[in-house]
Amino acid sequence: MSDSVNILIINGVNLAHLGTREIDIYGGISFDAYLETLKKDNPDSNIEFFQSDSEGETASKIANAAGLDAIILNAGAYTHTSVVIADAIRTTSVPVIEVHISNLFGRENYRKNNAISQACAGFISGFGLDGYDLAVKSVVLKKKKRNVKLFKN
């Protein structure tokens, strides 16, 4: 087993605007700034990042992922509607951890509908940007400390 933990973070629609968009919900830090801190705080992890507002590009990136320990996915608004992304998650052999910055179940009713969770290995919601760190640490814990892989649903 390799010492390095390989993770791809995928952010979907509207998440390129973190730091300037609805700061009261999503905070005032850009994802690029947060990503630098995340990488520094997790030196045993090789973290790659991809962001797209396109449902098709997001699904393609997921479906074509290989050789990773996990994908951390925040699909943004596509979470609530995208059968395409759910099917891409089911297509890949890489476990996907779904992350949301806000607590979806404490917000508008339509956000409680989730098209992708059933296909994911795990779900983290409501911890702000720290949800990404929780997901990274869970992958590291599973691989390095417990010597097991995440379940792939």
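The values are calculated or read from the model by the stated rules, or taken from the named source; none is laboratory data. Everything quoted here is computed from the prediction, not taken from an experiment. Using ideal geometry, Cβ is built from the backbone for each residue, glycine included, and neighbour counts are taken over all protein chains shown.
Could you say which residue among A86, A66 is assigned to a loop (DSSP other than H, G, I, E, B), more than 11 Å from G12 (Cβ to Cβ) and not β-branched (V, I, T)? Working first, answer last.
Working: A86 fails: assigned to a loop (DSSP other than H, G, I, E, B).
Criteria check complete, one pass: A66.
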Q | Selection count where residues are surrounded by fewer than 17 Cβ atoms within 10 Å (Cβ to Cβ) and in a helix (DSSP H, G or I), scope the stretch 3-21 | A | 1
Q: Write out, first by first residue and then by second, each pair whose Cβ atoms fall under 7 Å of each other, whose residues are 6+ apart or on separate chains, and whose first residue, in the stretch 34-50, is of a type in the set (A, V, I, L, M, F, W, C) while the second is outside any helix (DSSP H, G or I).
A: L35/F49; L38/I47; I47/I7; I47/I9; F49/I9; F50/L8; F50/I10
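Every residue in the stretch 66-81 that is among the polar types (S, T, N, Q) and surrounded by fewer than 23 Cβ atoms within 10 Å (Cβ to Cβ), please.
Start the filter on the stretch 66-81 by keeping residues that are among the polar types (S, T, N, Q), which leaves 74, 79, 81.
Selection gives T81 alone.
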Q: Name the residue, out of T58, T79, T37, that is polar (S, T, N, Q), part of a helix (DSSP H, G or I) and within 18 Å of V140 (Cβ to Cβ).
A: T37
(Q) Can you pull out every residue in the stretch 37-63 that is closer than 11 Å to I9 by Cβ and either in contact with a Pro (Cβ under 8 Å, 6 or more places away or on another chain) or surrounded by fewer than 18 Cβ atoms within 10 Å (Cβ to Cβ) (or both)? (A) K39, I47, E48, F49, F50
**Q.** Pair list, Cβ under 8 Å, 6 or more apart: the stretch 115-141 residue basic (K, R), other residue at pLDDT 95 or above
**A.** K137/N42
(Q) So, in the stretch 72-92, exactly how many residues are at pLDDT 95 or above and either over 20 Å from G126 (Cβ atoms) or more than 15 Å from the chain's Cα centre (by Cα) (or both)? (A) 10
